[in-house]
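Report on the structure given below.
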Amino acid sequence: MKNGDKRAMLMISIGIMIFLICIVIGLFFVPIKELLMKPEYGYFFGSSGQSYIAATVSIALLGISLMFLGWVTRKRKTKWIIFTTLFLISSIGIYYAIDDYYYIDPNGIVFDPLETTQEKVLKWEEISELTHIYRKDMNGTPVPAELIIKMQNGEEVIMILGARQYSMRSSINSTVRKFGGESYIEIYDPEGNFIERKEYF
């Protein structure tokens with residue numbers, strides 16, 4: 001086997017392995033990020049569902065780019081342009097997915113959303129109101145959907161309530177109320193029509 005063929009097979013093999021990693025990345029994505037990024041005094045570390053999707057797609061693209069590099073033997077210039085484009089897109093996607101996180105610490109809620117690279121801190125004493133959004137499913141059962149955090153300066157931050165976010169909701173609520181903030185529940189029907197609003201203790 002020629003050296004060029006060996007390199008091609010190596011690229012294809014590595015590409016296939018990386019592509020397969022994206023299938024199981026959900027099992028390890030948040031725990032690895034928590035191990036590497038969570039400070040000692042932080043708790044309820046998590047990441048948005050969008051970052052998992054971004055990581056999965058980006059890792060798959062990285063594997064495809066390496067397989068493409070090994071498979072295509074002609075039109076070297078075109079091959080390298082396409083490979084470089086896919087590699088850059090996947091690298092940027094992986095970076096943004098890793099940089100998406102949130103956790104609670106003694107000062108407030110720390111988060112860095114997927115669409116930015118800038119960390120924000122919502123200080124407990126600056127949060128004026130929490131609104132817990134519930135949407136009824138087709139059986140009429142209220143299901144947690146969003147947590148709207150309103151700051152004293154009028155800024156609003158919306159947190160999608162997945163399983164991990166929902167687990168930190170009570171801690172956020174009790175801490176905000178301790179610092180003088182208010183908390184409410186709003187319930188909507190399956191079509192998104194408002195039903196009721198009540199204080200949440």
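Inspect the range 176-194 for any residue being part of a helix (DSSP H, G or I) and touching a Ser or Thr at 6+ places or on another chain (Cβ under 9 Å) and give the result as yes or no.
First pass over the range 176-194, keeping only residues part of a helix (DSSP H, G or I): 176-178.
Right, trim to touching a Ser or Thr at 6+ places or on another chain (Cβ under 9 Å) and you get 176-177.
Yes, there is a match, as at least one residue in the range 176-194 is part of a helix (DSSP H, G or I) and touching a Ser or Thr at 6+ places or on another chain (Cβ under 9 Å).
On the given criteria, is L130 modelled with pLDDT under 85 and in contact with a helix residue (DSSP H, G or I) (Cβ under 6 Å, 6 or more places away or on another chain)?
Values: modelled with pLDDT under 85: no; in contact with a helix residue (DSSP H, G or I) (Cβ under 6 Å, 6 or more places away or on another chain): yes.
Here the answer is no, as L130 does not meet what is asked.
Counting only residues that are in contact (Cβ under 8 Å) with a residue 12 or more places away in the chain and part of a loop (DSSP other than H, G, I, E, B), which one in the range 141-157 is nearest to S171 (Cα to Cα)?
The first filter runs over the range 141-157 and keeps only residues in contact (Cβ under 8 Å) with a residue 12 or more places away in the chain, leaving 142, 144-153, 157.
Now restrict to residues that are part of a loop (DSSP other than H, G, I, E, B): 152-153.
On the way: Q152: 20, N153: 23 Å.
Across the range 141-157, the extreme among qualifying residues is Q152.
What is the one condition in (1) touching a Phe, Trp or Tyr at 6+ places or on another chain (Cβ under 9 Å); (2) among the small types (G, A, S); (3) at pLDDT below 80 that A60 does not satisfy?
Of (1) touching a Phe, Trp or Tyr at 6+ places or on another chain (Cβ under 9 Å); (2) among the small types (G, A, S); (3) at pLDDT below 80, only one is false for A60: (3).
What number of residues within the range 31-66 satisfy the criterion of being β-branched (V, I, T) and buried (at least 17 other Cβ atoms within 10 Å of the Cβ)? Give the steps one after another, and end with the answer.
To start, the set of residues in the range 31-66 that are β-branched (V, I, T) comprises 32, 53, 56-57, 59, 64.
Those left that are additionally buried (at least 17 other Cβ atoms within 10 Å of the Cβ): 56, 59, 64.
Residues meeting the conditions: 3.
Test of understanding: among I158, I172, which residue is out of contact with any strand residue (DSSP E or B) (no Cβ under 6 Å at 6 or more places or on another chain), within 27 Å of I53 (Cα to Cα) and of a type outside the set (G, A, S)? I'd like the intermediate steps shown before the answer.
On the way: I158 fails: out of contact with any strand residue (DSSP E or B) (no Cβ under 6 Å at 6 or more places or on another chain).
Residue meeting the stated conditions: I172.
If I ask for residues that are over 30 Å from R169 (Cα atoms) and surrounded by fewer than 16 Cβ atoms within 10 Å (Cβ to Cβ), which ones from the range 80-118 would you list? So that I can check it myself, show each step before the final result.
Keep residues of the range 80-118 that are over 30 Å from R169 (Cα atoms), which gives 80-92.
Across the range 80-118, the qualifying residues are W80, I81, I82, T84, T85, L88, I89, S91, I92.
Within the range 68-76, is even one residue under 28 Å from N173 (Cα atoms), surrounded by fewer than 15 Cβ atoms within 10 Å (Cβ to Cβ) and modelled with pLDDT under 90? So that I can check it myself, show each step before the final result.
Step one: of the range 68-76, the residues under 28 Å from N173 (Cα atoms) are none.
Within the range 68-76, not a single residue is under 28 Å from N173 (Cα atoms), surrounded by fewer than 15 Cβ atoms within 10 Å (Cβ to Cβ) and modelled with pLDDT under 90.
The values are calculated or read from the model by the stated rules, or taken from the named source; none is laboratory data. These figures come from a predicted structure and were not determined experimentally. Virtual Cβ from ideal backbone geometry, glycine too; neighbours counted across all protein chains shown.
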